[in-house]
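The values are calculated or read from the model by the stated rules, or taken from the named source; none is laboratory data. It should be emphasised that the depicted structure is a prediction, and the values quoted were computed from it without experimental measurement. Because the Cβ atoms are built from the backbone with ideal geometry, glycine has one as well, and the counts that use them run over all protein chains shown.
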């Protein structure tokens, strides 16, 4: 059994990937850059050829129940609002 699980926000990761690819294709993201400004995510640090999304979220026994309830509630509210 594991004590913790480390996750990144996959929607943010996908958004950043597409936004950086577009900037690269438009020659707005250059080799050697140390920073990228995302319209949605703000200032993103670049180390080498890696865009650093931020700290991952660590689920463990101290926060898993509250996190799942909070995320489920947000998804349910969005679904009702968007009538999914």
* **Filter result for residue 75 (at pLDDT 90 or above, on the phi < 0 side of the Ramachandran plot and exposed (fewer than 12 other Cβ atoms within 10 Å of the Cβ))** => no
* Asked: Just for region 39-61: of the residues that are exposed (fewer than 11 other Cβ atoms within 10 Å of the Cβ) and assigned to a loop (DSSP other than H, G, I, E, B), which one is farthest from the chain's Cα centre (by Cα)?
  -> 61
* Restricting attention to region 1-40, report how many residues are in contact with a helix residue (DSSP H, G or I) (Cβ under 6 Å, 6 or more places away or on another chain) and in contact (Cβ under 8 Å) with a residue 24 or more places away in the chain. => 1
